[in-house]
Structures are given as structure tokens and as C-alpha cells.
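*Asks:* After the C-alpha cells below, expect a handful of questions from me.
Laboratory data are not the source of any read-out in this text; all were calculated from the coordinates shown. Since we're looking at a predicted model, the values are computed, not measured. Cβ sites come from the backbone with ideal geometry, for glycine too, and all protein chains shown count toward neighbours.
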Amino acid sequence: MVREKYLLHCPGCGRSFPDHYTLDCPSGCDALLRTTYRERRLVLRDLPGIFRYKEWLPVEGHLKVDAGPVSYESEGIARELGLSHLTVTFSGYWPERGGRMETCSFKELEAQPTLLRLREKGAGVIQVSSAGNTGRAFCQVSGLTGAPVVVVVPAAAADRLWTTVPSPNVCLITVDGDYSDSIAFGREVCSLPGIVPEGGAKNVARRDGMGTVMLDGTLAAGRLPDYYFQAVGSGTGAIAAWEAAERLIADGRFGPRLPELHLSQNLPFVPMVRAWEAGRRTIMAEDMPDAEASIARVYADVLTNRHPPWGVRDGVRDALAASGGRMYAVANEDARSAGRLFAETEEIDLDPAAAVAVASLSRAAEEGFIGPDKRILLNVTGGGYERAAEDLDRYPVEPYLRVRAGEAFAGDLQDAVRGWLAEQAGVAIRA
Ligand SMILES: *Cc1c(COP(=O)(O)O)cnc(C)c1O
Ligand SMILES: [Zn+2]
């Protein structure tokens with residue numbers, strides 16, 4: 001038996017090893033590493049937000065941040081869709097139900113344990129390339145804790161980065177170009193010693209943080225759901241749900257069966273739906289025809305990831321196959337009307353991606369893909385923007401550096417980021 005709280009396990013070669021903020025198998029396997037926790041039962045801690053589930057997070061301490069998922073038994077939309085056991089797990093701002101993720105998406109579930117794990121492992125300062133919900137979540141948790149982060153985004157999208165508290169430890173770099181330019185520049189910034197990439201789906205803290213949705217929804221319902229509904233872009237949240245469900249099965253108190261994963265994407269950009277329907281382990285160019293134009297047309301642009309961890313061992317495809325799941329392609333009009341129905345019946349506004357998930361649930365109920373008396377967990381991955389705009393302050397994140405597309409990360413630019421890093425070395429994170 002291990003003495004450590006957890007080890008990392010590679011499903012490719014079967015090795016287990018201690019965590020040094022490790023993102024890849026040291027033997028080079030093409031597989032997602034997993035955490036294996038010493039505690040096999042779900043033990044709850046009397047701590048705020050997601051740190052209630054700390055025993056199953058790859059961290060030793062906790063943050064004094066009260067922002068976790070909240071679950072409740074739906075009456076409104078459940079009745080509307082003719083479902084008798086619908087648990088909603090909500091990540092966003094909804095004070096009446098205890099929802100305190102003030103940047104309004106479940107990316108805050110990821111940002112909290114990621115920043116804490118990084119600090120505990122002494123791995124350095126994190127770099128994130130996202131002007132969407134992920135970027136905002138990292139800026140917010142930086143603001144709440146003082147943890148330094150480097151965020152690289154296209155200049156045109158920088159106004160999507162705001163927080164509800166000042167975030168003086170964010171180094172925002174805007175790149176005068178598109179997303180690929182800012183991702184490329186972000187990668188270069190990580191060549192500086194002391195700056196590490198966030199790692200996406202490979203980051204176990206990200207996945208276990210998102211996995212708290214399955215833990216919270218299962219606890220609220222008293223057992224594992226039969227079906228789990230979520231809209232996916234990278235699919236990391238779905239892999240996380242699968243892993244959390246396996247832990248709950250091993251616990252023994254919540255039922256023996258994996259929930260079927262019912263995952264949705266937004267038309268016309270639906271690469272995982274197409275690869276699933278074609279029975280392929282790789283996503284091909286034909287799964288993303290006119291990618292740029294398609295991405296521009298979707299309602300929920302957080303779902304437009306071109307490189308999801310689909311075919312990698314224990315990735316999204318394996319999760320779907322293991323659970324006997326299903327994928328849905330949702331049209332904009334259907335997502336919009338599902339979002340309106342949710343707002344009317346549950347009284348909270350949804351992130352467009354969450355509206356896509358609601359539309360898929362509505363379709364599943366109509367077409368009989370799910371039994372009406374089965375137990376359903378709906379992951380409402382974001383919402384409450386309208387409420388947050390009424391109640392909370394909003395601080396735009398100001399750029400620290402502005403870079404031209406294709407500009408090399410050298411000379412003055414490097415010196416500026418080094419200078420910023422040196423200042424951060426003196427900052428203690430408020431854990
Ligand atoms: C990122 C995001 C998703 C998709 O999550 P993945 O883990 O990337 O599949 C869904 N909804 C919202 C609100 C998001 O921010
Ligand atoms: Zn391996």
C-alpha cells in the first residue's frame with residue numbers, strides 16, 4: 001500500500017510513480033496519467049467549496065475559496081421534459097443555491113486545484129492560452145489567492161478576461177493575431193525556466209477538480225446516476241466524470257454501474273460526434289470541414305476545440321465506449337430555446353454550452369434514449385452571468401505586454417517576463 005496520499009498511474013505501461021507535476025508518462029506512453037488515491041472511500045472534509053472533496057484532489061492543503069459545484073433535484077425543467085429523477089449540478093454564480101463561481105463556469109473547478117498543486121510541487125508559474133472561460137477562471141483564482149499566472153490571448157479577445165476581484169498577479173500578454181498565434185507564443189513563453197504549461201487534459205488536477213461534479217451530484221442523489229449529460233469541447237470534463245464514477249463504484253456505497261456518458265457538441269462544429277459515428281479513434285480533417293467558418297457559426301464557442309484528447313488511451317472515446325454512451329450534435333436554435341426553457345423553469349441564465357447540454361437532454365427524453373424513471377445528472381457547466389453582472393464588481397484584466405503575430409519571444413520581451421517573474425518570487429499565495 002502506498003504511503004503517499006496519491007500516486008500517478010499510467011494505464012499504458014502500468015507503472016505508478018510520485019507526482020512532480022508530471023503531465024506525461026516518463027516512459028513516453030500515449031496515455032493520460034491518472035491519480036490513484038490511498039483513500040478508497042469518499043471522505044468529506046469540512047472545508048469550503050471543492051476542498052470538501054480534498055481527499056480525492058491531488059493537493060495536500062486547500063485554498064480559502066468557497067467556489068464549488070452545487071447540486072439539487074430539479075422540479076421545473078424535469079417536469080417540462082417528463083423526467084422524474086433529474087439532478088442538476090450547477091457551476092456558476094447563483095447565490096440563492098450557494099453557487100459562488102463568480103466567473104460563471106466550471107473552469108474554476110480546474111483552476112483551484114491546478115494552482116495549488118503547482119505551488120505545492122514547486123513547479124513554477126503556470127501559463128494558460130485562453131480568452132474564454134479557462135482564462136477568466138485562472139485570473140479569478142489568481143485574484144483570490146495571489147497565485148501568479150501568465151495568460152496569453154489574441155488581442156481581439158482580451159476583453160473577455162475579467163474578474164470580480166482585482167488580479168494584480170496576472171501577466172496578460174496579448175498577441176495581435178489569431179488563436180493559433182497566441183497558442184504558439186504561449187508555448188515559447190514556457191521555454192523560460194519557471195514557467196510551465198497548464199497541460200490541458202493531461203493535467204490530473206484539472207480532471208479531478210472537474211470530477212467533483214460527479215461526486216457532488218452523486219452525493220445529492222444518494223447514488224450514481226444512470227446517465228450523465230454534458231456539452232464537450234475538449235471532453236476533459238467527461239473523462240473526469242468517468243474517472244470520478246469509477247472511484248465511486250470502488251467505494252461501494254453508490255452503486256455498481258458506470259453512468260452512460262451523453263455528450264453534446266454544437267453544430268456545425270462537431271468533430272467528436274463525427275469521429276464517434278464513424279467509429280474512428282482519430283479525428284480527421286473530414287470531421288471538421290471548413291473548420292474556421294464552422295467555428296464562427298456556433299452559439300457555444302467554448303465547445304470548438306480542434307485537438308480534443310479523443311483517441312489517446314483513457315481519453316474521451318474510451319470513456320464513451322466504456323460507459324455505453326452516446327453523442328449529440330445540437331443546432332444553435334435548439335440550444336437557444338433549451339437555454340430559454342431552463343431560464344424560465346429554473347430561474348437562472350445559462351452559458352451557451354450548458355444550453356447545448358440541456359438541448360441534448362431534451363432530445364434524449366423525446367426520442368426515448370433514456371428511460372423516464374432513470375436517474376440523470378445534468379452538468380450545468382456554466383451560468384449566472386446576468387446575476388453576476390447585477391451583483392458583482394467587474395475588473396478588466398489589463399495587458400502587461402502587447403506582441404505582434406509571429407514576433408519571437410526574445411530580447412526585451414523575454415526581459416520583461418523575467419522581470420515580472422522575479423517580482424512574483426516574493427509573493428506568497430494566500431492558501
Ligand atoms: C470548457 C467548457 C465546456 C466544455 O468542457 P470540456 O471539458 O472542454 O469538454 C462546457 N461548458 C462550459 C461552460 C465550459 O466553459
Ligand atoms: Zn506509461
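*Asks:* For the chain, give me every cysteine whose Cβ has no other Cys Cβ within less than 4.7 Å, ordered by residue number.
*Replies:* Within the chain, the cysteines lacking a partner Cβ under 4.7 Å are C13, C104, C139, C171, C190.
*Asks:* Another one. Could you tell me the center-to-center distance, by alpha carbons, between segment 243-261 and segment 367-402 in angstrom?
*Replies:* 25
*Asks:* Stokes-Einstein diffusion coefficient for the chain at 4 °C in a medium of 1.567 mPa s, Rh from the Kirkwood formula over Cα pairs: what value in µm²/s?
*Replies:* Rounded, D is 60 µm²/s.
*Asks:* Using the alpha carbon gyration tensor of segment 364-431, what are the three equivalent-ellipsoid semi-axes (square root of 5 times each eigenvalue), largest first, in whole Å? Numbers along the way, then the final one.
*Replies:* Details: eigenvalues 422, 79, 50 Å².
Result for segment 364-431: semi-axes of 46, 20, 16 Å.
*Asks:* Which angle from 0 to 90°, rounded to the nearest 10, does the C-alpha axis of helix 133-145 make with the longest principal axis of the chain?
*Replies:* 60
*Asks:* What value in Å³ per residue do you get for the convex hull of the alpha-carbon atoms in segment 125-165? Walk me through the numbers on the way to the answer.
*Replies:* Numbers: hull volume 2.2 nm³, N = 41.
Dividing the Cα hull volume of segment 125-165 by its residues yields 55 Å³.
*Asks:* Okay, moving on. In whole Hz, what ³J(HN,Hα) sequence does segment 117-132 give by Karplus (6.51, -1.76, 1.60; θ = phi - 60°), x for Gly and Pro?
*Replies:* Those phi angles translate into 4, 4, 5, 5, 8, x, 7, x, 10, 8, 10, 10, 10, 6, 9, x Hz.
*Asks:* Could you derive backbone 3J(HN,Hα) for segment 217-225 from the dihedral phi with the Karplus parameters 6.51, -1.76 and 1.60 (θ = phi - 60°), listing whole Hz in sequence and x where the residue is Gly or Pro?
*Replies:* Residue by residue, segment 217-225 yields x, 5, 4, 5, 8, x, 6, 5, x Hz.
*Asks:* Which residue, G339, G99, G14, has the most motion in a Gaussian network model of the chain that connects Cα atoms within less than 10 Å?
*Replies:* Answer for the Gaussian network model of the chain: G14.
*Asks:* What is the total of Lys pairs in the chain with C-alpha atoms under 19 Å apart, excluding same-chain pairs fewer than 8 positions apart?
*Replies:* Value for the chain: 9.
*Asks:* Can you check what the Kirkwood hydrodynamic radius comes to for segment 55-133, Cα pairs only, in Å to one decimal? Don't jump to the answer; show the numbers that get you there.
*Replies:* Values: mean 1/r = 0.0678 Å⁻¹.
Across segment 55-133, the inverse of the average 1/r is 14.7 Å.
*Asks:* Which value at 222 nm does the chain reach when only helices count, each DSSP H run of 4 or more adding -39,500 (n - 2.57), with the total divided by all residues and rounded to the nearest 500 deg cm²/dmol?
*Replies:* Working: 14 runs with 151 residues, N = 431.
After summing the helix terms and dividing by residue count, I get -10500 deg cm²/dmol.
*Asks:* Moving to a separate point now. ³J(HN,Hα) across segment 415-421 via Karplus (A = 6.51, B = -1.76, C = 1.60, θ = phi - 60°), whole Hz, x for Gly/Pro?
*Replies:* 4, 5, 5, 4, x, 4, 4
*Asks:* Kindly state, as a whole number, the per residue volume in cubic angstrom of the convex hull around the alpha carbon atoms of segment 313-431.
*Replies:* In segment 313-431, the Cα convex hull volume per residue is 264 Å³.
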